[in-house]
Amino acid sequence: MILASLFESGVSVQFYIVLSTILFAIGVLGVLVRRNAIIVLMSIEIMLNAVNLLLVAFSTYFGKGDAQVFVFFIMVVAAAEATIGLSILVLLYRNNRTVDIGLFNKLKG
Amino acid sequence: MSIQQLVPLILLFPLLGGIINGIIGKNLPKTVSGSIATLASFLAFGTAILAFFKLEEPVTIHLFSVISLDDLSLHARFLADNLSLWMVLIITGIGSLIHLFSMGYMKHDEGYYKFFTYLNLFIFAMLILVLGSNYFMLFFGWEGVGICSYFLIGFHYSDAEKGMLNGLAARKAFIMNRIGDLGLLIGLFLLLAQFGTLEYGEIANKVLVDKMSVSSWMIFGITICLFIGATGKSAQIPLFTWLPDAMAGPTPVSALIHAATMVTAGIFLVVRSNYLFELAPATQDIMLYVGLATSLVAAFIAMRQNDIKKVLAYSTVSQLGLLFVALGMGAYTAAMFHLTTHAFFKALLFLGSGSVIHALSDEQDIRLMGGLRKKIPLTHLTFLIGTLAISGFPLLSGFYSKDEILGHAFHENIGLYVILMISVIMTALYMFRLYFVVFHGKFRGSHEVEHHIHEAPASMSIPLVVLAVLSVIGGLLNLPGIFLKGGTHWMSHHLEHNTTGLSLVGGEHGDSNTTLILMVVAVIVSLSALAICYVIYGKKESIPVPDAQLSGWQKLSARKLYLDEIYNFLFVRPVEWLSEKGYKFFEITFLNGLVLGLAKGIGFSGELVKKWQTGRVNWYILWMVSGIIGLVLYYLVKI
Amino acid sequence: MNIETIAIILGGLTIGSALMVILSTHPVRSVLYLILTFFMISANYILMNAQFIAIVNIIVYAGAIMVLFLFVLMLLNLSKDNEPRSSVKMKIAATIAGGSLLTVLVAALKDTVMIAKSPLASTTDDQGMVESLGQLLFTDYVLPFEISSILFISAMVGAVLLAKREKQIID
């Protein structure tokens, strides 16, 4: 079948390694560049997904399902974290009327 | 009881007395506290007499080792031979009499128990000095007497009007002694370097028995350094100006320290090291000339002093100069003889002056005294005996001891004899001046003081009488040959008997004729001085003029040859200037700058680092990412 | 059209949509691009024969989490105008940092030598994917599975507690 044996038919693992790394770097870039807290949280999701991609690639390559279980759990954690993050963000907005993280510098000095 | 047990006992009594008085003396009544101290001193004297009669051969008593390494060993060890026991007798004997005197003299003083503590400790330190069997113990005692004399001179440091002066005098004594001590210490180091040991016996063995060859420079260095130490303690030029100032202390202190004991430490040191000094004729010459100069200068200054104690102080310096002349000529036993008689009559004179001061309610200026002959007869009589003794009046003790030294000088060099004679004449002159001004004529003080004049109590007069008797018969110790056929020069023989080195030096005793002639000359001199002074001060009743009217040589004499001012200019001011500059530079600029600069630097770097804490999450994550990059890079490049 | 081309195209689309997430100015557009990214990643999963993960990815991420994000966005009523922008300095520094991170990681990982070369043993039958995953989950990894439910409960409680409006005392 087409969908079987991806790595036997020419696509190397390195491809997915590089892809995952690029996605991760994009995620990092997003965290660094954007000042909107929601966008920052979304970039974190991108980073987590990059890692998921890599894990699944290796799971297919080695034929073991353990990595996919791990992906499962990563998704669990990501969901919980996104929830909490967003609720904190709502609180922040309530107090400061903005979600610009550049303005939250009370820990300065 | 053997010597082994007696000697530590001699040391124990004053130490115990000092400790007891020091710890619980405050709570004891005055008589008890004083009696403890005096008793301790008398017990030490008794034990010393026992030991003196028991002693045959020199005995060493080893207490403990302070350091014992391969190359260096210092022991707490005592040597009892005739010389050290003789000194012990003088110290404890005269010390006990002075303790007795102090019980009466210091009766009205607040720090009574403190005084006796210091006195006892002083005796203890002095005993260590003379009883030690090596230079280390000597140095220990040396420093001990130095500190005790500091305490005692500055005893009345909290006195309202003169407290500061007392403290300064004590400090001056201590500092000048320190300069001498440096010389002594260097001498000790040189001794260690040359001989590898500080024990008297071992060094004597190496020098006399093994005939160890020592380079003349080394022996010169050693002896000069030892002499410098002696100069400090025994007040020779240039380190003698402390002694007159030390008269600020109570009179018993002056009697004990500056007449009988501490100042004789230097003489003792030289006599102990006689074999070393015999190898260095250059040092002996230096000693001789320094002693001669000191004797003349001090006598000159004493001629016009108006404080009763200052005259006696300069007299002490002058007599010490005479002793060093004797040592310079190698006449060690003669020096010891004169040291003994000088201890007797100088202590007598000081205690007598103490009695006078006590009688006149603490007046010390002789211009406000006079006519005390009838008022305090006992003091007068004993003071007269002391004056006669020091002037070399025939048949008293001073006559014999001085004559022996003059005899040696005559044999050495006629010129030396003449100059020494001048010093002797001046001695007689100023002493008789003192006597006549104080005790003859009319009383010149205030009426109030005149009412209160009273003779000294028993505790003060007994020592006076004892010392007077000793001053009279002390000459018997070392009679020259023309008086008795046999048993002459008892003391010289006794000392030479078992003290290392002295028997080799053993002075030649001149033939009878020369001795007789010299004796006659000395008698004429002292009697004529007595006559002159009697005429000037007794008959004509001329009193010393007030300071303002002095001129010429009299002014020089009264102003102590401006020596204090010269010293101040030459030494004290540059040191003070240097210390001020040093303070400004080192303390303020350097250290302050260093410490404050350090603090400022840290603050500055803190300010720099503070800029990192922007409080903005973006920047923190940026640094985190950079860290991760760095970490991965590091492992990448390493592998 | 072989697998390689498909994989490359898919990879490129993924990267493109991820880039658009962080580069777009309007926040709602960023969210939409993120959803697109998730779809692309799921397509990658299907390509790698991990169907279950692909579906779960879409359901959980694109379905639940992104909806949450949208809710919050709508709540905050953000728009393009009051979108904060960071300074140029920050952008340059971030680009450099991200670029070097990429370079370093790729350099670290590119020379990895695969130990086991193409095992691909048990991927022949496709319907066993969910089954085998389920088996693993309930036998080897049952403990983390149960604990993750506790994690969810605590997350839920935390979220509700944090976002609750404080009682206003009306006097």
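The values are calculated or read from the model by the stated rules, or taken from the named source; none is laboratory data. Predicted model only: the values in this text are computed from it and were never measured. Glycine also receives a Cβ, built like all others from the backbone with ideal geometry; neighbour counts cover every protein chain displayed.
So, in the stretch B:306-346, how many residues would count as being assigned to a loop (DSSP other than H, G, I, E, B) and crowded, with 24+ Cβ neighbours inside 10 Å?
Result for the stretch B:306-346: 1.
Here are some conditions: (1) more than 18 Å from A:Leu29 (Cα to Cα); (2) within 18 Å of the chain's Cα centre (by Cα); (3) at the interface with chain A (Cβ under 10 Å from one of its Cβ atoms). C:Ile6 meets all but one. Which one does it not meet?
For C:Ile6, the exception is condition (2).
Which numbered condition trips up C:Ser100, out of (1) surrounded by fewer than 14 Cβ atoms within 10 Å (Cβ to Cβ); (2) modelled with pLDDT of 85 or more; (3) of a type in the set (Ser, Thr, Tyr)?
Unmet for C:Ser100, out of (1) surrounded by fewer than 14 Cβ atoms within 10 Å (Cβ to Cβ); (2) modelled with pLDDT of 85 or more; (3) of a type in the set (Ser, Thr, Tyr): (1).
Yes or no: B:Met126 modelled with pLDDT of 90 or more and not assigned by TED's automatic domain parsing to the domain that holds B:His494?
yes
Can you say whether B:Asn166 is farther than 19 Å from B:Gln236 by Cβ and out of contact with any strand residue (DSSP E or B) (no Cβ under 8 Å at 6 or more places or on another chain), as far as the supplied structure shows? If you could, list the steps in order and put the result at the bottom.
Working: farther than 19 Å from B:Gln236 by Cβ: yes; out of contact with any strand residue (DSSP E or B) (no Cβ under 8 Å at 6 or more places or on another chain): yes.
Taking the combined requirement at face value, the residue satisfies it.
For B:Trp612, indicate whether it is in a loop (DSSP other than H, G, I, E, B), within 14 Å of chain A (Cβ to nearest Cβ) and more than 30 Å from B:Asp307 (Cβ to Cβ). Steps first, please.
Numbers: in a loop (DSSP other than H, G, I, E, B): yes; within 14 Å of chain A (Cβ to nearest Cβ): yes; more than 30 Å from B:Asp307 (Cβ to Cβ): yes.
Criteria met by B:Trp612.
Identify, from the list B:Ser605, B:Ser579, B:Ser626, the residue that is in a helix (DSSP H, G or I), surrounded by 11 or more Cβ atoms within 10 Å (Cβ to Cβ) and of a type in the set (S, T, N, Q).
B:Ser626
Starting from the stretch A:83-108, take each residue that is within 12 Å of A:Val40 (Cβ to Cβ) and facing chain B (nearest Cβ under 10 Å) and list its partners that are of a type outside the set (A, V, I, L, M, F, W, C) and surrounded by 13 or more Cβ atoms within 10 Å (Cβ to Cβ), counting only C-beta distances under 6 angstrom and pairs at least six apart or across chains.
A:Ile101/A:Arg35; A:Gly102/A:Arg35; A:Gly102/B:Arg616
Within 14 Å of chain B (Cβ to nearest Cβ) and either closer than 23 Å to C:Ile58 by Cα or under 15 Å from the mean Cα position of the chain (by Cα) (or both): which single residue out of A:Leu29, A:Leu55 fits that description?
Within the list A:Leu29, A:Leu55, the selection yields A:Leu29.
May I ask you to say which residue of A:Val71, A:Val76, A:Val90 is modelled with pLDDT under 90, within 23 Å of C:Met156 (Cβ to Cβ), in a helix (DSSP H, G or I) and β-branched (Val, Ile, Thr)? Full working, then the answer.
Working: A:Val71 fails: modelled with pLDDT under 90; A:Val76 fails: modelled with pLDDT under 90.
Only one candidate qualifies: A:Val90.
Let me confirm something: among C:Val60, C:Val67, which residue is out of contact with any Gly (no Cβ under 6 Å at 6 or more places or on another chain), at pLDDT 85 or above, under 19 Å from A:Val76 (Cα atoms) and facing chain A (nearest Cβ under 7 Å)?
C:Val60 is the lone residue from the list that is out of contact with any Gly (no Cβ under 6 Å at 6 or more places or on another chain), at pLDDT 85 or above, under 19 Å from A:Val76 (Cα atoms) and facing chain A (nearest Cβ under 7 Å).
Taking the options B:Phe116, B:Phe140, name whichever one is part of a helix (DSSP H, G or I), among the aromatic types (Phe, Trp, Tyr) and more than 18 Å from the chain's Cα centre (by Cα). Show your work before the answer.
Details: B:Phe140 fails: more than 18 Å from the chain's Cα centre (by Cα).
None of the other options fit; the residue is B:Phe116.
Which condition number in (1) modelled with pLDDT of 85 or more; (2) out of contact with any His (no Cβ under 9 Å at 6 or more places or on another chain); (3) surrounded by 17 or more Cβ atoms within 10 Å (Cβ to Cβ); (4) of a type outside the set (Ser, Thr, Tyr) is the one that B:Leu55 fails?
The single condition B:Leu55 does not satisfy is (1).
Of these, B:Val88, B:Val7, which one is crowded, with 23+ Cβ neighbours inside 10 Å, within 30 Å of B:His494 (Cβ to Cβ) and over 22 Å from the mean Cα position of the chain (by Cα)?
Answer to the selection: B:Val7.
Let me confirm something: among B:Leu100, B:Leu127, B:Leu74, B:Leu152, which residue is touching a residue at least 12 places away in the same chain (Cβ under 8 Å), on the phi < 0 side of the Ramachandran plot and not in a helix (DSSP H, G or I)?
On the way: B:Leu100 fails: not in a helix (DSSP H, G or I); B:Leu127 fails: not in a helix (DSSP H, G or I); B:Leu152 fails: not in a helix (DSSP H, G or I).
When all the criteria are applied, what remains is B:Leu74.
What's the number of the condition B:Ile357 fails, among (1) surrounded by fewer than 24 Cβ atoms within 10 Å (Cβ to Cβ); (2) under 20 Å from the mean Cα position of the chain (by Cα)?
Going through (1) surrounded by fewer than 24 Cβ atoms within 10 Å (Cβ to Cβ); (2) under 20 Å from the mean Cα position of the chain (by Cα) one by one, B:Ile357 breaks only (2).
Take the conditions aliphatic (A, V, I, L, M), more than 14 Å from every other protein chain (Cβ to nearest Cβ) and out of contact with any His (no Cβ under 9 Å at 6 or more places or on another chain) and apply them to B:Ile602. Does it pass?
Working: aliphatic (A, V, I, L, M): yes; more than 14 Å from every other protein chain (Cβ to nearest Cβ): yes; out of contact with any His (no Cβ under 9 Å at 6 or more places or on another chain): yes.
So B:Ile602 passes the test.
Does B:Asn166 meet the test of being crowded, with 17+ Cβ neighbours inside 10 Å and touching a His at 6+ places or on another chain (Cβ under 6 Å)?
Here the answer is yes, as B:Asn166 does meet what is asked.
Applying the selection to the stretch B:11-64, what residues are of a type in the set (S, T, N, Q) and not in a helix (DSSP H, G or I)?
Keep residues of the stretch B:11-64 that are of a type in the set (S, T, N, Q), which gives B:21, B:27, B:31, B:33, B:35, B:38, B:41, B:47, B:60.
Selection gives B:Thr60 alone.
Pull out all pairs, ordered by first then second residue, where Cβ-Cβ is under 6 Å, the residues are six or more apart or on different chains, the first lies in the stretch B:373-400 and is within 17 Å of B:Ile425 (Cβ to Cβ), and the second is assigned to a loop (DSSP other than H, G, I, E, B).
B:Leu388/B:Leu396; B:Ala389/B:Leu396; B:Gly398/B:Gly392; B:Phe399/B:Gly392
Hey, can you tell me all the residues within the stretch A:63-82 that are closer than 22 Å to C:Lys164 by Cα and facing another protein chain (nearest Cβ under 7 Å)?
Hits for the stretch A:63-82 are A:Ala79, A:Ala80, A:Ala82.
Considering only residues that are small (Gly, Ala, Ser) and either surrounded by fewer than 24 Cβ atoms within 10 Å (Cβ to Cβ) or within 23 Å of B:Leu296 (Cβ to Cβ) (or both), which ones fall in the stretch B:230-264?
B:Ala230, B:Gly232, B:Ser234, B:Ala235, B:Ala246, B:Ser254, B:Ala259
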